[in-house]
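The values are calculated or read from the model by the stated rules, or taken from the named source; none is laboratory data. It should be emphasised that the depicted structure is a prediction, and the values quoted were computed from it without experimental measurement. Every residue, glycine as well, gets a Cβ built from its backbone with ideal geometry; the counts of neighbours run over all protein chains shown.
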Amino acid sequence: MDTKIIRIADPLNVKDSELTEAAGIIRAGGLVAFPTETVYGLGANALDENAARKIYAAKGRPSDNPLIAHISCMDELPALVSAIPETAEKLAAAFWPGPLTMVFHKKEIVPYGTTGGLDTVAVRMPSDPVANRLIRLSGVPVAAPSANTSGRPSPTQAAHVIEDMNGKIDMIIDGGPVGIGLESTIVDVSGGMPTLLRPGAVTLEMLTELLGEVAVDPAISGPVSADVKPKAPGMKYRHYAPKAQMTLVEGTADKAAACIAREALKAAESGKRVGIICTEETRALYPDGVPGIVLRVIGSRGNEETVAHNLFAVLREFDDKDVDCIYSESFSGENIGRAVMNRLLKAAGYHTVQV
Ligand code: TXA
Ligand code: MG
């Protein structure tokens, strides 16, 4: 299949005329990748089971892993969900449009092909102007997983989408690099206590401040054993996986850096290529210019949003450079750091070392 790639001239001031063709493709049951404020999404008509099937095929994704339906405004929500609990209204007022997904009981119109057989549907209203306008022009809710091949890090630039999806989908919209860099926060509001299923830029601290108590799904911080069914089915897969074995070193930044530098030198001496994830604060603690060591500053400990923003691009770069192993420092585990640690732990297959 020929994939048409279009570039939005000024993504913050996108014109309807730039998105007319893309909206037509979605309405006709095709696939269009587009930027959002979190990561690039792979969009199709969420009400069309056939279109959903094409998404799973393009990504190589297991079909029991449900898709998020994206809407452009509140008026589009009641058609999809059987009830809008008060908690959801509060969350929507505070965080929509934005990087928050809520899980509701679905209406019949939402096909099981979109929800992976579940009676619930995940809904998000993106704030990114290109994403929001594309959904509005399509005139249908847009099912959109991250636009990566299943198992690869989510795409944060159009080039990543082109790597994974060129030739497999109808169109890729290049709207430049995304803002946040990690996927949306997911909160289940379908019954009882609101429950955090995936941490993101709308942090647990922000949710708790607004709602009081919020439960946290155990799949967020640890591996899911084979007999437990995680609430967000996607959490059981080794998502965000780089090709190399990754080790996450936990402890103070200085001690972690010393341990990583030692292990990396040993590995490099034995002929391996090693990727290291460090920070502006710890950069000087690593050796310079050692053959076989690829050292990447992922951002600043003083501003973990920068770490979130660069994480997936760095993991992809290590894939491209064919490193044999990756060592990463660890992060606070609070605020956006909770989302960063969730993705790093999954990328490492929960392989951690304490120093
Ligand atoms: O930021 C995002 O959410 C991006 C952009 C494109 O909007 N999308 C995204 O989609 O990350 P995806 O498919 O890569 O991740 C969706 C996650 C999966 O872990 C899935 O299991 C969970 O949402 N999910 C979807 N529907 C659900 C449901 N009804 N109940 C529980 N979890 C659900
Ligand atoms: Mg994904």
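Condition check ((1) within 11 Å of ligand 1 (Cβ to nearest atom); (2) part of a helix (DSSP H, G or I); (3) under 22 Å from the mean Cα position of the chain (by Cα); (4) of a type in the set (Phe, Trp, Tyr)) across all residues:
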| position | (1), (2), (3), (4) |
| --- | --- |
| PRO66 | yes, no, yes, no |
| SER72 | no, no, yes, no |
| ASP75 | no, yes, no, no |
| LEU91 | no, yes, yes, no |
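Among residues of the stretch 173-189 being of a type outside the set (Val, Ile, Thr) and in a strand (DSSP E or B), the one that is nearest to ligand 1 (Cβ to nearest atom) is ASP188. Considering the conditions (1) away from ligand 1 (no atom under 12 Å from the Cβ); (2) at pLDDT 95 or above; (3) among the charged types (D, E, K, R); (4) over 24 Å from THR20 (Cα atoms), ASP170 is excluded by exactly one of them, (4). The residues of the stretch 190-227 that are part of a loop (DSSP other than H, G, I, E, B), among the hydrophobic types (A, V, I, L, M, F, W, C) and out of contact with any Asp or Glu (no Cβ under 9 Å at 6 or more places or on another chain), listed by number, are VAL202, VAL214, VAL224, ALA226. Consider the stretch 143-177. How many of its residues are touching a residue at least 24 places away in the same chain (Cβ under 8 Å), surrounded by fewer than 18 Cβ atoms within 10 Å (Cβ to Cβ) and among the small types (Gly, Ala, Ser)? Total meeting the criteria: 3.
For the stretch 30-40, indicate whether the set of residues that are in contact with a strand residue (DSSP E or B) (Cβ under 7 Å, 6 or more places away or on another chain), surrounded by fewer than 19 Cβ atoms within 10 Å (Cβ to Cβ), at pLDDT 95 or above and part of a strand (DSSP E or B) is non-empty. For the stretch 30-40, residues in contact with a strand residue (DSSP E or B) (Cβ under 7 Å, 6 or more places away or on another chain), surrounded by fewer than 19 Cβ atoms within 10 Å (Cβ to Cβ), at pLDDT 95 or above and part of a strand (DSSP E or B): absent.
Can you confirm whether the stretch 125-142 contains a residue that is in the same structural domain as ALA51 (by TED's automatic domain parsing), free of Cβ contacts under 8 Å to residues at least 12 places away in the same chain and part of a helix (DSSP H, G or I)? No: zero hits. Within the stretch 243-272, which residues are of a type in the set (D, E, K, R) and more than 27 Å from the chain's Cα centre (by Cα)? Selection gives ASP254, LYS255, ARG262, GLU263, LYS266, GLU269, LYS272.
Exactly one residue out of ILE336, ILE326, ILE293 is closer than 24 Å to SER184 by Cβ, crowded, with 20+ Cβ neighbours inside 10 Å and among the aliphatic types (A, V, I, L, M), and it is ILE336.
Return yes or no: is PHE331 buried (at least 23 other Cβ atoms within 10 Å of the Cβ) and under 19 Å from GLY179 (Cα atoms)? So PHE331 fails the test. Just one residue in the set ASP119, ASP64, ASP48 is under 19 Å from ALA147 (Cα atoms) and more than 16 Å from ligand 2 (Cβ to nearest atom); that residue is ASP48. Across the stretch 136-153, the qualifying residues are those that are near ligand 2 (Cβ under 9 Å from one of its atoms) and at pLDDT 95 or above, and the one among them that is nearest to GLU183 (Cα to Cα) is SER146. Scanning the stretch 239-246 finds one or more residues that are modelled with pLDDT under 95, touching a Lys or Arg at 6+ places or on another chain (Cβ under 8 Å), under 30 Å from PRO85 (Cβ atoms) and outside the structural domain of GLU163 (by TED's automatic domain parsing). For the stretch 154-172, a residue qualifies if it is in a loop (DSSP other than H, G, I, E, B), more than 15 Å from ligand 2 (Cβ to nearest atom) and not basic (Lys, Arg), and the qualifying residues are GLN157, ASN166, GLY167, ILE169, ASP170. Figure legend. Inter-residue proximity from the stretch 76-94: first residues more than 15 Å from SER190 (Cβ to Cβ), second residues of a type outside the set (A, V, I, L, M, F, W, C) and modelled with pLDDT of 95 or more, beta-carbon distance below 9 Å, spacing 6+ or different chains. Indicated pairs: GLU76/ARG136; GLU76/PRO141; PRO78/LYS107; ALA79/LYS107; ALA79/PRO141.
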